[in-house]
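Shown next, in C-alpha cells, is the structure this report addresses.
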Amino acid sequence: MPAGGDVGRITEEGIARLRARIGIPEPHPVPPHYFAPNEDSFRHVAEAYGDDNPLWCDPGYAAASVWGGVIAPPAMVGGDSLIGEDEVPVVAPEHVDLMKGDPLRGVHLFYSASAREWWAPLRPGRRVARRNALVGVLEKQSEFASRAVHEWSAQVFREVDGPLLCGQYRLMIRTEREKAREKKKYDDVVVEPYDEAGIAAIDDQYAGEHPRGAEPRFWEDVEEGNALGPMAKGPLRVTDMICWHVGMGMGLYGVKALRLGWQQRQRMPRFFHRDELGIPDVLQRVHWDPAYARKTGNPTTYDYGRMRECWLVHLCTDWMGDDAWLWKLDCEFRVFNYVGDTQWLHGRVVRKYRADGDRPAVDVEIWAENQRGDITTPGTATILLPSRDDGPVRLPEPPGGATDLQQALDAVAARFERS
C-alpha cells in the first residue's frame, strides 16, 4: 500500500519507494515463449507482424548474407516475453520487503512508449538469459492530469555464454484516475466502412512492397531527406490479432486455455470479469471483443502498442537491406489503432554521420499515420549501413562497455538519472 494509505494518489513517499527500487533485478512475470528459438520461431514472429524477409528463416538464402546464416528479426530479440530465462529467479532476501506491492497502488497506469537497442544478432538454437529492473522514475506534467510519474523499466538480454544481445525499455505513465478521466479523448472516433476504391488503394500498396534484401544500401548513397516507405498495415482485423498471438504468444499476461485458464483465474481472480453469459474471461479481451472494448471508453477493439513498434521495425528493415544493422528504435503510442483502421508507415533520413566516430550511420524519423490523418505512433531509429569505403557494418557496443547483464542495467539506469 502507498505510504499513508493514499490509494490512488501520487505521494512523495510512494515516489521515494519506487526510486529505491531502481536497479534491483527481479524475475520476469512469465517464462519465455521460446526457450531456444530456431528458424521456425523466427518465421512465426516475423509473420505475426507481416514481415516476409527470408533472412529471418531461410538458411539457403541467409548463408549468402554478410551474417553467414539466419538471424532473428529485431522484433524477436527482446520482445517482452518472447525470449530470456531469468538470471535472477527470485528477489534477493534483503530486497523482498522493498519490492512488495505497488507504491502507487490505485494510480492509473498506461503503456506510453518503448525504446530498444540491439548489439549483436541472435542465431538459431541459442538459449538466452535476461535481467529485469526498474531504471527510471521521473516526475512529469501530463496533458490529462496535473501530476504524472514516468516509470521506465528495462529488460536486457544476452546469449547464454555469449554476447550481450539487446535492451528494451518500457515507459509506463502513472496518473491519478479522477484527473485522467476529465477528458474523453476518443468519444468522437468513428471507423468508417471501406468502399472498393479504398481497399484497392491498399491492395496496390501491398503489391509494391518488398524487402530490399540482398542489395546493399550503402551509406555513401543515402542523403538526408531520403524517404522510407510508405508501408501499409491494415485494415486491422481481429484475424490479425489472432496471427499476432500465434507468433508472439500471450505476452505479459500469460493468458491460457481451458483448465490452464482456470488455474490462472485461481492465481489472479481480479484479471477476470464475467461476460454476458456469466463466463469469467480475461481483461485482455478488449483486443477482440467490441462490446468489452466499449466498456473502457473506446469505440471498438484495438491493437497492442507493441504491434505498431514491430511495424516500424519492419519499415526500417525493409528499407535498409540485409547487410545493415538496426541499432536503436524508439516510439510513442499516442493514439489507439482500432480494428478497421489502416496505418500508413513513413520515414525520412534526418541525419547522416559517423556514430562513435567510425560507424557509418543514419538517424531516421518514423511514424504511423491512420486513415483519419492522426499520427498514432511517432518514433526515431538509428541504422548502421555498409560503406563502400569502410566495408561491412561494425556492431555497436553495449551501453557503458558492459560485459554482463547487471552492468548493462546499471549503465541504462545511469542514463535515466542524467535525463
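Spacing of the modelled spin labels on ARG212 and THR11, each 7 Å from Cα toward Cβ, amounts to 5.4 nm.
Taking 20 Å as the cut-off, the amide N atoms of region 290-317 that come nearer than this to a point 7 Å along the Cα-to-beta-carbon line of ILE279 belong to 290-295, 301-302.
Calculated on the alpha-carbon coordinates, the convex hull of region 145-282 measures out at 308 cubic angstrom per residue. Equivalent ellipsoid of region 54-114: semi-axes from √(5λ) of the C-alpha gyration tensor, largest first, are 40, 17, 7 Å.
Modelled label positions at ALA197 and LEU109, each set 7 Å beyond Cα in the direction of Cβ, lie 4.8 nm from each other. Near VAL282: Cβ cut-off under 12 Å, other residues only, Lys/Arg at +1 and Asp/Glu at -1. The net charge is +2.
Restricting region 245-332 to GluC sites (Glu not before Pro) that sit in a DSSP loop and have at most 15 other Cβ atoms within 10 Å of their own Cβ leaves GLU276. Extension gain, ASP389 to ARG294: 0.36 nm times the residue separation minus the Cα-Cα distance gives 28.5 nm.
Here region 310-352 is treated with +1 on each Lys and Arg Cβ and -1 on each Asp and Glu Cβ, and its dipole about the Cα centre works out to around 280 debye. Accessible area per residue was computed with a 1.4 Å probe on protein heavy atoms; ILE279 scores about 90 Å².
Across q = 0.34 Å⁻¹, region 345-391 modelled as identical point scatterers on its alpha-carbon atoms has Debye log10 I(q)/I(0) values of -1.17, in the order of the q list. Note on LYS352: accessible area is roughly 60 Å² with a 1.4 Å probe, heavy atoms of protein only. Mind checking which of LEU315, GLN263, GLY247 is farthest towards the positive end of region 236-332's charge dipole, using Cβ charges of +1 (Lys, Arg) and -1 (Asp, Glu) about the Cα centre? The residue sitting farthest along the positive end of the dipole is GLN263. Here the chain exposes an accessible surface that is 52 percent carbon and sulfur, computed with a 1.4 Å probe and the other protein chains kept in place.
Measuring with a 1.4 angstrom probe and ignoring ligands and nucleic acids, ILE375 comes out at about 80 Å² accessible. Helical runs assigned H by DSSP (4 residues or longer) give the chain a calculated mean residue ellipticity at 222 nm of -7000 deg cm²/dmol, each run adding -39500 (n - 2.57) before division by the residue total.
Summing charges over all other residues whose Cβ lies under 10 Å from the Cβ of PHE333, with Lys and Arg as +1 and Asp and Glu as -1, gives 0. Using the alpha carbons alone, the radius of gyration of the chain stands to its Kirkwood radius in an Rg to Rh ratio of 0.95. With the convex hull drawn over the C-alpha atoms of region 212-369, the volume per residue is 148 Å³. Think of each Lys and Arg Cβ as +1 and each Asp and Glu Cβ as -1; about the Cα centre, that makes the dipole of region 320-385 roughly 180 debye.
Under a model in which nothing but the beta-carbon of Lys, Arg (+1) and Asp, Glu (-1) is charged, the chain shows a dipole of about 1640 debye around its Cα centre.
Its residues counted as N, region 219-311 yields a C-alpha radius of gyration over 2.2 N^0.38 Å of 1.47. For region 325-419, the convex hull drawn through the C-alpha positions has a volume of 152 cubic angstrom per residue. Heavy-atom accessible area, probed at 1.4 angstrom with all protein chains present, ranks TYR61, TYR253 as TYR253, TYR61, highest first.
Other residues lying with their Cβ under 13 Å from the Cβ of PRO31 contribute a combined charge of 0, Lys and Arg counting +1, Asp and Glu -1.
Per residue, the chain exposes 46 Å² of accessible surface when a 1.4 Å probe is rolled over the protein heavy atoms with every protein chain present.
The values are calculated or read from the model by the stated rules, or taken from the named source; none is laboratory data. Please read these numbers as outputs of a predicted model, since none were measured by experiment. Glycine also receives a Cβ, built like all others from the backbone with ideal geometry; neighbour counts cover every protein chain displayed. When the accessible area is computed, the model is the full protein with side chains, heavy atoms only, and any ligands, DNA or RNA have been set aside. Shrake-Rupley method; radii C 1.70, N 1.55, O 1.52, S 1.80 Å.
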